[in-house]
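The values are calculated or read from the model by the stated rules, or taken from the named source; none is laboratory data. On a predicted model such as this, the values are computed, not experimentally measured, just so you know. Neighbour counts are summed over all protein chains in view; Cβ atoms, including those assigned to glycine, are modelled from backbone coordinates with ideal geometry.
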Amino acid sequence: MGATLRAAVIGVGSMGRNHARVYASMEGVELVAVSDANQTIAEQTAYMYRCRAYTDCREMLAHENLDLVSVVVPTHDHYRVAAEVIDYGVALLIEKPIAATVAEGRDLIDRAHRRGVILTVGHIERFNPAIIALKECLDCQELGSVFQIIVRRVGPFPARIVDVGVVIDLATHDMDILNYLIDSPIDRMHVEMSRHVHPSHEDVLSALLHFKNGVIGTLDINWLTPTKIRELSVVGERGMFVANYITQDLTFYENDLCRDKAWHELAVLGVSEGRMIRQKIQRREPLVEELRSFSDSVRYQREPHVRGEDALHALIMANRLVELGTRPYDIPVLREREVNMRVR
């Protein structure tokens, strides 16, 4: 493999064009081709980034000597396209989720292992500087024991999303990040889910999670909020970290008493508001960091930061959310007479 890696993008819609933009500007990487079923879009993107255009990804794979490919097609096409890339022996990044079903995702991982192909999945929030800094703080025990983690990922409905609901499109991000930060399995879930504006899938999710290590997680995810919010809070014995994905800010809200008291004393005294400390973070574009990490994995033949197994776990947990959210209630709603009796 030469010093310059030859890259291509399959699917150059709004997200795929960003992949093309980043590859075209990366040192040590050459964007040689793009492929899209829409010929006009493929040719426009190829003209913009001075590469070749294809409407059939199989033709592109056959004619171009590629080192790495981004697969940025609709979710229902992930398996078919990714399997073709793997069969050609080309390293690939699949935009999340890894596939439409767990069985398809598992098969892609097995295919890549058998073929010796590097496979990673675009869980881009792993490359957000605020999350990277938060992970380092938690690993260094700066918060002490962690009690609760709260996720808020809300915003307007994106009309371009038609094949999946808010759980698969958005909550897969958070299931991966929770696993990354907490590193403990979820042993209990309570899920509420509904549909209001999406034509066929859920667009609001509220969930309560219990991790095996005792941490409690809450998810507030929807496509119904008129403003876009991407925020994660972690509450622990020394205070609270709040990470803002959009601004890439990480702020620590100190439990003032914790500096002088042991936790068993705080259980009596309570917590007290202390300093608010904004961590110093170098802001970077997560997609640039993600594709740089991917290209380094290919260049040095090392395991990617986000493995296929990580992405499969996130999809399994997201599917579990959907399953529980659509299941009929196990406990019937109390009749009015029973409610009145309990009130008395």
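For region 181-226, enumerate the residues that are among the aromatic types (Phe, Trp, Tyr) and over 20 Å from residue 134 (Cα atoms).
Answer for region 181-226, where residues must be among the aromatic types (Phe, Trp, Tyr) and over 20 Å from residue 134 (Cα atoms): just 223.
Go through region 64-122 and report how many residues are among the aromatic types (Phe, Trp, Tyr) and closer than 18 Å to residue 33 by Cβ.
1
Quick one: residue 11 ticks every box in (1) touching an Asp or Glu at 6+ places or on another chain (Cβ under 7 Å); (2) at pLDDT below 95; (3) of a type outside the set (Asp, Glu) except a single one, so which number is it?
(2)
Step by step: first the residues of region 286-308, then only those that are farther than 21 Å from residue 128 by Cβ and of a type in the set (D, E, K, R), then the one that is surrounded by the most Cβ atoms within 10 Å (Cβ to Cβ). Which residue is that?
Filtering first and then ranking leaves 299.
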